[in-house]
1. Can you find, within segment B:39-75, the residue that is farthest from residue B:349 (Cα to Cα) among those that are at pLDDT below 85 and surrounded by fewer than 18 Cβ atoms within 10 Å (Cβ to Cβ)?
2. Quick one: in segment C:125-181, of everything that is free of Cβ contacts under 8 Å to residues at least 40 places away in the same chain and in a loop (DSSP other than H, G, I, E, B), which residue is nearest to ligand 2 (Cβ to nearest atom)?
3. All but one of (1) away from ligand 1 (no atom under 16 Å from the Cβ); (2) over 21 Å from residue C:158 (Cα atoms) hold for residue C:75, so report the exception by its number.
4. Taking the criterion of being modelled with pLDDT of 90 or more, surrounded by fewer than 18 Cβ atoms within 10 Å (Cβ to Cβ) and more than 16 Å from ligand 1 (Cβ to nearest atom), would at least one residue in segment C:23-38 satisfy it?
5. Among the helices (runs of 4 or more DSSP H) contained in segment B:33-137, which hold 1 or more residues that are away from every other protein chain (no Cβ under 14 Å)?
6. For segment C:39-58, give me the residue count where each residue is within 8 Å of ligand 1 (Cβ to nearest atom) and more than 23 Å from residue C:83 (Cβ to Cβ).
7. What single numbered condition from (1) of a type in the set (D, E, K, R); (2) touching a Ser or Thr at 6+ places or on another chain (Cβ under 6 Å); (3) modelled with pLDDT of 90 or more fails to hold for residue C:226?
8. Which numbered condition trips up residue A:262, out of (1) assigned to a helix (DSSP H, G or I); (2) exposed (fewer than 15 other Cβ atoms within 10 Å of the Cβ)?
Amino acid sequence: MSNVSNVPPRGLFARLFEPPRIGAMAPGAKFIVYTLLLAWSAFVLFPIYWLLITSVKSAADVNGGPVYIPFVDFIPSLHAWRELFVVDYADTLRAYVNSIIISLAATALAVLIGSMAAYALARIRYQPNLITILLFVLVMAAALFAIGSYGVDWRLVLVVGVGIFYFLSKAVASRVHVPLANGDILFWMISQRILAPIVVVVPIYMMFQSVRMLDTHLAIILTYAVVNLPIVIWLMYDFFNSIPKDLEESAQLDGATMIMTFREIVLPLSRAGLAATTLLVMILCWNEYLLALFLSTAKAQTMPILVAAMNAGERGILWWSMSVVIIVMIIPVVFMAIVLQRYISKGVLLGAVKG
Amino acid sequence: MTSTTGRVVNSQPGYLPADNSQPPSRRFRFNEWLDGHARQLFITPAVVMILIFSIFPLVASLIIAFSRVRLKAGGYQVRFVGFQNFSKQIFGSEQFHFLGTFTSLTFLGWAVALSATGAILWWMFRYITTGFSVVGFIGRLITALVILGISWMFAATFFSGNPFGTLGVTLFYVFIGCAIQFIIGLALAFLCSQPIRGRNFFRVVFFIPMMITPIGVGYLFRMMADTTKGPFSPAWQWFGLNDFAWAANPWTARLFIIIGDSWQWIPFIFIILLAAFENIPRDYVEAGQVDGASNWQIFREISWPQVMPVAVTVMLIRVIEGFKIVDLPNIMTSGGPGIATESMSLHSLFAWRSLDLGQSAAIAYLLLFVTVVICVSFFNLIVVNRMRRI
Amino acid sequence: MNTDMTSASETDTLASDAKRLSIRKMNKHYGEFHAVKDLDIEVEPGEFLVLLGPSGCGKSTALRMIAGLEEITSGEVIMGDRDVTHVLPKYRDIAMVFQSYALYPHKTVAENIGFPLKVTGVPEEQRNKAVFDAAAQVQMETLLERFPRELSGGQRQRVALARAIIRRPSAFLMDEPLSNLDAKLRGFMRAELKHMQHELGVTTIYVTHDQIEAMTLAHRVAIMKDGELQQLGTPAEVYTNPVNLFVAGFMGSPPMNFLEGNVSESGLQVGNDKIPLDGVEDGMAITLGFRPEDASVVEAGQGRFDAMVYTAEMTGDLTLVTVKHGSSILTIKMPKDFMVDYNQNVGIQFDSELSYLFSTGDGARLKANVVDS
Ligand SMILES: Nc1ncnc2c1ncn2[C@@H]1O[C@H](COP(=O)(O)OP(=O)(O)O)[C@@H](O)[C@H]1O
Ligand SMILES: [Mg+2]
């Protein structure tokens, strides 16, 4: 009955693909693994190396065909760095500061609001009425149509709309109740991530235009925060669900309010989850281009816009300067990753993905 | 502790007496009020923000998609035009741009169209005969119609030798791109989970591309792929391709965009699948070893089933994000040659640039529709099914 | 015993198949850390050997080296007449039961049990029959279609056992297989396990930190401490004849009582009393040990020494009297109707034949004994 062949196979294949020792890897497998991993490292690192050397190349070195090794193939020069940080430092610095303010604020906002909502969904039972929601969307559509087609003043529409909605929800929604559950709210919130920025950006643009907020930090911060809310809610919901309720319950027995419990117990316990979420949202905000392109024109321009700005029309693309911008953009992200690294246990993203 | 009146008095500061002889402080009342409204307080900010920045624009976009928008002094003039914007994309003068150029179907085109139709009909038939629910049927019907439409579109364009439009390009990016990214990301994660030296080095290196702004990646790969000044230009010349312009050929241009996209997004898949591999209890693998399983059997029978639920969800996320692709084709090729690399997001962006807001919104809505149908189908038909089996 | 003809004959063939397992001078280093030191054990064919020791003493490491899951730093493992020291686990023909059971969550009970046969390419039909037989042996044949998450702890344990026996390996290795079960189930599964090992007659190495499990299951017990084998012998041997202080203190529940002191005038001074000793030199630091059941509580002044009652606990079948003497706490087993007041002075009597003397410094058993006064 024992079908296990007790005899280890011999031959070339076995010698290559059977571990020579226990706990070791087969030489063939080792060779394949290292080859593949090193090949992929090269594929990842070479473009970055190219970026680094391009940033210290002169225009002639870039345009005269490829040169590879500084000091051997070409004499590196810091002209592009100088240009950006000495000559044009005002523009560079502004974009940099803008990017930092916007991504920090947007991340903080998204993480705060998102984790509050996630916590509420994980711990409190909600039963919103589907009818109220449908009424709301209907009234909103009508209001927008009135503004768009007939040019009614938006303030007037807002007041009337709120009134009508209030009346209708009293009249209809209190009688017909189609309750939704927490799962529905969660799904609704997370599914907002499906929206491509292009679907919503034009109305957002018009909205900010009508309140004269285009090209302000606040406009971009709010937009980024909302775009990333679904990610925060999704990751943090899972994280909060994995925290045992005992600690919160004991805090409540001690008389803590829900806000205190959240601030004193839940948030400190969720540091790992918050760190992972923050890092992810931060990266997304920091690197975002399309929305910034719509919402900023000059004052609030962020770094990705500056990258694109190096494509300077008739002079062609300033590859050297662009490389500098891309490199200085990577630095804060790496810094963030290092700072948050120790809070990030490897399982955080995994937990949410496991569903 | 117990006073003569029998009232319990706690000597600790900050303790509220049981009777209300002293009015509670204003701060305390505020906190009480906050606590009473915590239900709403916690969730309202998120709901309001999503309503203002997602739902409102979504509704507004829908209205714009059914309208013709004109700029006029101090505002917009919105005129309702019904399905005109959509029909222009699907049947009208923009059909070539959105769907592709249609001539008659070639033999191959017919073959593809008919076999796809057959497969879908059979799938629907099987569903109706095995189990049936109204919601399930409607859901499947929508899925079937969208997939049917897409397969006929590809049959009439790609398989009949015609160029396809931005819908086809987007689907190409999403499915071919995500498939490549998934396979490579999975392979790298598996390799990195082996007991090798330098794991942390590889883990850090492989993560780097995700930190670079997509627009930077676009330019970077444009540099890389330059046939005269890029690092590989000697190789191009050696192959005699020095005056070959990859950007002028639809397929090479698409290929380069997929390479850039993969470079950027494989790290995401890699990092999560690596965590999934490392999360497999060591006992499972060891039990397999003792039971005589080969390495391949351990991967196939033990590791992969453990990782698969994660893999499916990661792919769902990646597909959702993949549909949004815009920066790379915008930077690397500006959608060219012609419209060969133009994704739907880019198509919509271009329409907006030419101030055709109605068209722009209509395309955006078509993108949303396709994304939702495909993602929901993927979720309901694959993820839920798989989860149930595990 | 199973009266069924086929299983009876199978049992016979299997028993004769049983292999001797020799572990010779086995060492394991984790860098600087020496986890297993010169382990030398001969496991007889069909023997049930228990590796016993406190947690962290290197039992699992030793077992994993025998399984081939961990590389051996030096020494050898020989199964039957075959040196398997450097053979991969899959070629060793062993089965292992893990503490966590390591049941694959995505496979049904049947698939889990059949996995060892599946990977070796046994045809499906034959496999299904074997799965059914193995499951029947652990009374799991009705739950074959369930997933592990739908089973109770004891049922999971049985599935893990079935997966181990299906292949009829030449040795079973078990790493604390019962430690995740509740006390009652553990006792029950212990009996089942012992019965099954007897039926199958497969050489078994079983790791545990629970000395009761070791005593009840083992043909022989190997007691380890800090990676070193302390004593190897039958349960009775290690209980009645411990070679050192560690073994004496580890076996038995409640544990052996110890009194420490220095020898003066050929005796051990305990409070006002003196216990005369033979075979010791004055000035030696020694530890005197006796088991709770080999002593009794008597009137003050009537025993070998006096002590004060600390608590008395009724366990049902007997009364455990805890007395305090200086800093030592001693436990005596007395009949269940024994009554005593707290803080009362009592005398402690113990049997000189059943007392042990150890050198306090290295814990070695001394060739010395208590003299009856
Ligand atoms: N991979 C390892 N690296 C370093 N030390 C280890 C490793 N595995 C186990 N040890 C150490 O070896 C000792 C014995 O461990 P183990 O065999 O698991 O003990 P136990 O007897 O409880 O099963 C422990 O002190 C443990 O810390
Ligand atoms: Mg152990």
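The values are calculated or read from the model by the stated rules, or taken from the named source; none is laboratory data. Remember, it's a predicted structure, so these values are computed and weren't measured experimentally. Note: ideal-geometry Cβ built from the backbone for every residue, glycine included; neighbour counts use all protein chains shown.
1. B:39
2. In the first step, residues of segment C:125-181 are kept if they are free of Cβ contacts under 8 Å to residues at least 40 places away in the same chain; the result is C:125-136, C:139-146, C:150, C:152-155, C:158, C:178, C:181.
Narrowing further to those that are in a loop (DSSP other than H, G, I, E, B): C:139-140, C:144-146, C:152, C:178, C:181.
Details: C:139: 28, C:140: 26, C:144: 31, C:145: 33, C:146: 28, C:152: 23, C:178: 13, C:181: 16 Å.
Among those residues, the one meeting the criterion is C:178.
3. Every condition holds for residue C:75 apart from (1).
4. Yes, there is a match, as at least one residue in segment C:23-38 is modelled with pLDDT of 90 or more, surrounded by fewer than 18 Cβ atoms within 10 Å (Cβ to Cβ) and more than 16 Å from ligand 1 (Cβ to nearest atom).
5. Working: elements: B:38-50, B:56-65, B:84-90, B:95-98, B:107-130.
Per the criteria, B:84-90, B:95-98, B:107-130.
6. 5
7. (2)
8. Going through the list (1) assigned to a helix (DSSP H, G or I); (2) exposed (fewer than 15 other Cβ atoms within 10 Å of the Cβ), residue A:262 breaks only (2).
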